[in-house]
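Just so you know, all these numbers are worked out from the coordinates, no wet-lab data involved. What you are looking at is a predicted structure, and each value in this text was computed from that prediction instead of being measured. Don't worry about glycine lacking a Cβ; one is built from the backbone with ideal geometry, like all the others, and counts go over all protein chains shown.
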Amino acid sequence: MSSAGERSGSNGDSRAVSEVVDLVSALIRFDTSNTGELETTKGEKECAEWVAQQLQDVGYDTEYVESGAPGRGNVFARLPGKDSSRGALLIHGHLDVVPAEPADWSVHPFSGTVQDGYVWGRGAVDMKDMVGMALALARQFKAEGTVPPRDLVFAFLADEENGGKYGSQWLVDNRPDLFE
């Protein structure tokens, strides 16, 4: 499979359309299973660092924040708009997934397999698909020099699958500046 961006511009598609499948597939390959227990939840830090790198590759300044516990990785990036006095628009998604038992799957749940016109794996519909789409658009906007009417804040968050105590709730309580 080609890397994100390699297919950019193929048959007239936008950059985002050209790379979204690769991004979603790559996101699924990170086992970010959230068991609800800090000692067994894994993968969020590595996935968040990868997301940050995808954003940095097109020129974003990113902020990586661990939310209340080691490894609970979150990434923020801001695309300045024409009128920063208008409230920013927050575009967010979570990186964690519900655990999956590989024996219950026809493809490995963390393979990101593209088959029959679909990307398969844990998170393909909750919510690595939407994270991949937001990431693809963020990359396209920055690469093409898009200036939206207001600032866009892209947030990729930890711990949604267990209530957000070590994700959005911790961030709102401890880092409200990230949402301004």
message: If I compute volume of the Cα convex hull per residue in Å³ from the structure I just sent, which labelled value in (i) 212; (ii) 108; (iii) 124 lines up?
response: (ii)
message: At 222 nm, what value in deg cm²/dmol follows for the chain if DSSP H runs of at least 4 each add -39500 (n - 2.57) and the sum is divided by all its residues, to the nearest 500?
response: -9000 deg cm²/dmol
message: Which residue fluctuates most in the GNM of the chain (Cα springs below 10 Å): 112, 73, 87?
response: 87
- prompt: With charges set only on the Cβ (+1 for Lys and Arg, -1 for Asp and Glu), what does the dipole of segment 85-165 come to about its Cα centre, in debye to the nearest 20?
  reply: 480 debye
field: Relative contact order %, the chain, counting alpha carbon pairs below 8 Å whose residues are six or more apart
entry: 29 percent
message: Show me the chymotrypsin sites (Phe, Trp or Tyr not before Pro) within segment 97-180 that DSSP assigns to loop and that have at most 16 other Cβ atoms within 10 Å of their Cβ.
response: 105
statement: Note on the chain, DSSP bridge orientation, antiparallel percent to nearest 5 equals 65 percent
